[in-house]
Amino acid sequence: MALHVVDQGRSSLAIVFIHGFPLTHAAWRDQADLLRPIARTLLYDQAGFGESPGHPFPATFESYVDDLEHLLRDREVPRAVLCGLSMGGYVALRATERFPERVAGLVLCDTRSEADSDEAKLKRHAGILKIEKDGLSSYLDGFEQSVLGPTTLQTRPDVRRRARALMDRNPPASLQRALAAMASRTDTTASLAAIRVPALLLVGEEDSVTPVAAARAMHERISGSRLETIPRAGHFSNLENPDAFNQALRSFVAGLS
Ligand code: MLT
C-alpha cells in the first residue's frame, strides 16, 4: 500500500516519526524541521489518515506495523530511530519486537507498552458507536477534552485549534478502524528488557491517557533509557509544549549522531 511519506534530509541517521491517533504526519512538522540539519527525517500518514489510503480489508494492529516495515524497505532505510507518539509508540514498540535489527533508537512519547484492559476495549467500542451515531465532530469534542492537558485547554487556543484541525481532516471510518485495531494490539511489556538501543521516554506531566506512571514503568524496564517529563503538557506533548519537547528530543538525537 502506498503511504504518503515526506522524506527529507541527507544523513545516515534516519528518524521515522509515527503520529498518534487521530492525527497526521503534519503533527511532527516542527520536530522534523528541528532535526533535519542532522538527520534524514521521514514522516508518514498511517493508513487511513491524512493522505494515505486505508487498509483494503479489516485490519488488526499488526497491519500498521507491517506498513512501517514496508516503508523502511521501500525507502531503503536499513536502520532508523523510531519516534512514535501514543498509537505511534505502540507501533514503534511492536516494530522493535518484530524487526529489532532495523531499530537504531527509540523515542517513545505519551505511550504505554500494556495492551488494552477490558475496560479500555469497551471504551473503544463505545467510541466507534459514537462516531457512527453522533458524528466525528461530536466524538472529537469529547476526545479533545481527554487528550489535551488543562493548561492547553485553558490557555492555548491556538494549540487547541491546530490539534483539532489535524484531527478533523480524517475520515470517520479511519478512526473507527484504528480504534478497533488498537484494541487488538498485543502487550509488548515483556520485551522491554530486551531493548538494547538508546531510548528516550517523553511524557506530558498532564497526560491522563498514558500518564507519567506508564512512562516510568517502561523507563524502569528499558536499560539505560532516559525519561523526561514535559511540563504543562497533556497527551499531545509535542504540540502542547514544543519548546520543552524539542529541547529533550534534540539533546537525545545529538547524542546519537
Ligand atoms: C493516541 O493518541 O494515539 C491515542 O489516544 C492512543 C489510545 O487511544 O490508546
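Bear in mind that the values in this text are calculations on the coordinates, not laboratory data. Worth saying up front: this structure is predicted, and the values here are computed from it rather than measured. No Cβ is skipped: glycine too gets one built from the backbone with ideal geometry, and neighbour counts run over all protein chains shown.
Of HIS235, THR210, THR186, which is farthest towards the positive pole of region 105-257's charge dipole, taken about the Cα centre with +1 and -1 on the beta-carbons of Lys, Arg and Asp, Glu respectively?
THR186
Taking the chain as a Gaussian network, where each spring joins two C-alpha atoms under 10 Å apart, which residue of ARG161, ARG226, ARG102 fluctuates the most?
ARG161
How charged is the neighbourhood of TYR90? Take every other residue with its Cβ under 12 Å from the Cβ of TYR90, and add Lys/Arg as +1 and Asp/Glu as -1.
Result for the local shell: -3.
Could I have the simple spin-label model distance between ARG169 and ALA254, label points 7 Å from Cα toward Cβ, reported in nm to one decimal?
3.1
List the residues, sorted by chain then number, that are 5 or more residues from ALA233 or on another chain and whose placed amide H is less than 5 Å from its amide H.
Close amide H contacts, sequence-distant or interchain: GLU205, GLU206.
What list of ³J(HN,Hα) values in whole Hz, one per residue of region 80-95 in order, does the Karplus curve 6.51 cos²θ - 1.76 cosθ + 1.60 (θ = phi - 60°) give from phi, with Gly and Pro shown as x?
Using θ = phi - 60°, the values come out as 8, 7, 9, 10, x, 10, 6, 4, x, x, 4, 5, 4, 5, 5, 4 Hz.
Where nothing but the Cβ of Lys and Arg (+1) and of Asp and Glu (-1) is charged, how large is the charge dipole of region 125-224 around its Cα centre, in debye to the nearest 20?
I would put it at about 260 debye.
Rounded, prolate or oblate: which fits region 97-161 when a ≥ b ≥ c are the square roots of the eigenvalues of the alpha-carbon gyration tensor, with rounded for a/c under 1.5 and prolate only if a/b beats b/c? Present the calculation step by step, with values, prior to reporting the outcome.
Working: a/c = 2.50, a/b = 1.33, b/c = 1.87.
Note, shape of region 97-161 comes out oblate.
Compute the signed sum of charges (Lys and Arg +1, Asp and Glu -1) over the other residues within less than 14 Å, Cβ to Cβ, of GLY135.
-2
Give me the percent of Cα-Cα pairs in region 38-116 that sit more than 18 Å apart, rounded to a whole number.
Percentage above 18 Å: 39.
Once phi is turned into ³J(HN,Hα) by the Karplus curve 6.51 cos²θ - 1.76 cosθ + 1.60 with θ = phi - 60°, what whole-Hz value does each residue of region 198-204 show in order, with x for glycine and proline?
Here the 3J(HN,Hα) series is x, 9, 10, 10, 10, 8, x Hz.
With charges set only on the Cβ (+1 for Lys and Arg, -1 for Asp and Glu), what does the dipole of the chain come to about its Cα centre, in debye to the nearest 20?
360
Step through the residues of region 251-257 one at a time and calculate ³J(HN,Hα) from phi using the Karplus curve (6.51 cos²θ - 1.76 cosθ + 1.60, θ = phi - 60°), rounding each to whole Hz and writing x for Gly and Pro.
With coefficients 6.51, -1.76 and 1.60, one gets 5, 5, 5, 4, x, 8, 8 Hz.
Tell me which residues come under 5 Å, amide H to amide H, from VAL107 once H is placed; ignore anything under 5 positions away on its chain.
Distant-sequence amide H within range of VAL107: LEU82, CYS83, GLY84, LEU200.
Would you give the gap between the C-alpha center of region 135-161 and the C-alpha center of region 4-19, rounded to a whole Å?
Here the two parts' Cα centres lie 28 Å apart.
Quick one: dipole size for region 1-122, taken about the Cα centre, charges +1 on Lys/Arg Cβ and -1 on Asp/Glu Cβ, in debye to the nearest 20.
480
Using Cα pairs closer than 8 Å and at least 6 residues apart in sequence, work out the relative contact order for the chain, in percent. Walk me through the numbers before you get to the answer.
On the way: 494 pairs, mean separation 54.1, N = 257.
Across the chain, relative contact order equals 21 percent.
Beyond 15 Å, what percent of the Cα pairs of region 127-236 remain?
Values: 4252 of 5995 pairs.
Of the Cα pairs, 71 percent sit more than 15 Å apart.
Which residue, VAL77, PRO37, LEU106, has the largest displacement toward the positive end of the dipole of region 1-122 when charges sit on each Cβ (Lys, Arg +1; Asp, Glu -1)?
With unit charges placed on the Cβ atoms, the residue in question is PRO37.
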